[in-house]
Amino acid sequence: QVPLVESGGGLVQAGGSLRLSCVASGRTLSSYDMGWFRQAPGKGREFVAGISWSGERTNYGDFVKGRFTIGRDNAKNTVHLQMNSLKPEDAAVYYCAARTNQRNPLNSGYYFWGQGTQVTVSS
C-alpha cells in the first residue's frame, strides 16, 4: 500500500492558480511513477498529468494545453501539480495516483490512489 494524501484544493476565480500537492505517509515515492486525475460530477475519471519516477518523462491530458505543470521532489517525497489559468470546467475532485515505475505511457496503469482534493473555479 502507498497511502497518498492530497492537499491544496480550494475555491479560485477563473484565471487564477492553485498548486496541488501529494505526499505519501511512511513510504518513499522515488520508485513510483505518479499521476494526477480528476473527476467532475457526473463524469468519469480523467487523466490530467503524469510524471515518471525519475522526473524524466511527463505527459498531460489534451485539455491542459500548457496551463498545468507536474513536478516532483523525491528528496521531500512530494509530487505537485501547478495549475494556472483555471477555467470553470477545471472544477473537479483531483486525485493523486501512483504505480511502480514502468515504461508504459503515463496516462494509465495506476493502482494506488489518494482520497482527492476538491477544486472549485468560479466564473
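The values are calculated or read from the model by the stated rules, or taken from the named source; none is laboratory data. The structure presented is a predicted model; accordingly, all values stated were derived computationally and were not measured. Cβ placement follows ideal geometry from the backbone for every residue including glycine, while neighbour counts extend to all protein chains displayed. For accessibility, only protein heavy atoms count, side chains too; no ligands or nucleic acids. Shrake-Rupley method; radii C 1.70, N 1.55, O 1.52, S 1.80 Å.
Quick check on Leu20: is it modelled with pLDDT under 95 and aliphatic (A, V, I, L, M)? Taking the combined requirement at face value, the residue does not satisfy it. Given the structure, is Ser52 in contact (Cβ under 8 Å) with a residue 60 or more places away in the chain and either among the aromatic types (Phe, Trp, Tyr) or in contact with a strand residue (DSSP E or B) (Cβ under 9 Å, 6 or more places away or on another chain) (or both)? Spelling it out, it is not the case that Ser52 is in contact (Cβ under 8 Å) with a residue 60 or more places away in the chain and either among the aromatic types (Phe, Trp, Tyr) or in contact with a strand residue (DSSP E or B) (Cβ under 9 Å, 6 or more places away or on another chain) (or both). Is there a residue being loosely packed, with under 13 Cβ neighbours inside 10 Å and under 16 Å from Ala24 (Cβ atoms) anywhere in the stretch 50-59? Checked the stretch 50-59: no residue is loosely packed, with under 13 Cβ neighbours inside 10 Å and under 16 Å from Ala24 (Cβ atoms). What pairs can you find where one residue is in the stretch 90-116 and touching a residue at least 12 places away in the same chain (Cβ under 8 Å) and in a strand (DSSP E or B), the other is of a type in the set (Gly, Ala, Ser) and surrounded by fewer than 20 Cβ atoms within 10 Å (Cβ to Cβ), and their Cβ atoms are less than 6 Å apart, with a gap of 6+ or different chains? Here the result reads Ala92/Ala40; Val93/Gly116; Tyr95/Gly116; Arg99/Gly109, each pair linking the stretch 90-116 to a residue that is of a type in the set (Gly, Ala, Ser) and surrounded by fewer than 20 Cβ atoms within 10 Å (Cβ to Cβ). So which residues in the stretch 70-89 are in a strand (DSSP E or B) and surrounded by 19 or more Cβ atoms within 10 Å (Cβ to Cβ), if there are any at all? Within the stretch 70-89, Ile70, Arg72, Val79, His80, Leu81, Met83 qualify. Look at the stretch 20-38: where a residue is farther than 14 Å from Ile51 by Cβ and a partner is open to solvent by 10 Å² or more (accessible area, probe 1.4 Å) and among the charged types (D, E, K, R), sitting 6+ places away or on another chain with Cβ atoms under 6 Å, you get Arg38/Glu46.
Residue by residue, here is whether (1) among the basic types (Lys, Arg); (2) over 21 Å from Asn104 (Cβ atoms); (3) at pLDDT 95 or above holds:
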site	(1), (2), (3)
Leu11	no, yes, yes
Gly15	no, yes, yes
Asp33	no, no, yes
Ser54	no, no, no
Gly61	no, no, yes
Gly71	no, no, yes
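For Gln13, the stated conditions do not hold, so it cannot be described as under 16 Å from the mean Cα position of the chain (by Cα), among the polar types (S, T, N, Q) and over 21 Å from Lys76 (Cβ atoms).
Sort through Arg38, Arg45, Arg27, Arg67 and tell me the only one that's basic (Lys, Arg), open to solvent by less than 40 Å² (accessible area, probe 1.4 Å), over 11 Å from the mean Cα position of the chain (by Cα) and over 14 Å from Pro105 (Cα atoms). Break it down stepwise before answering.
Working: Arg38 fails: over 11 Å from the mean Cα position of the chain (by Cα); Arg45 fails: open to solvent by less than 40 Å² (accessible area, probe 1.4 Å); Arg27 fails: open to solvent by less than 40 Å² (accessible area, probe 1.4 Å).
After applying the criteria, what remains is Arg67.
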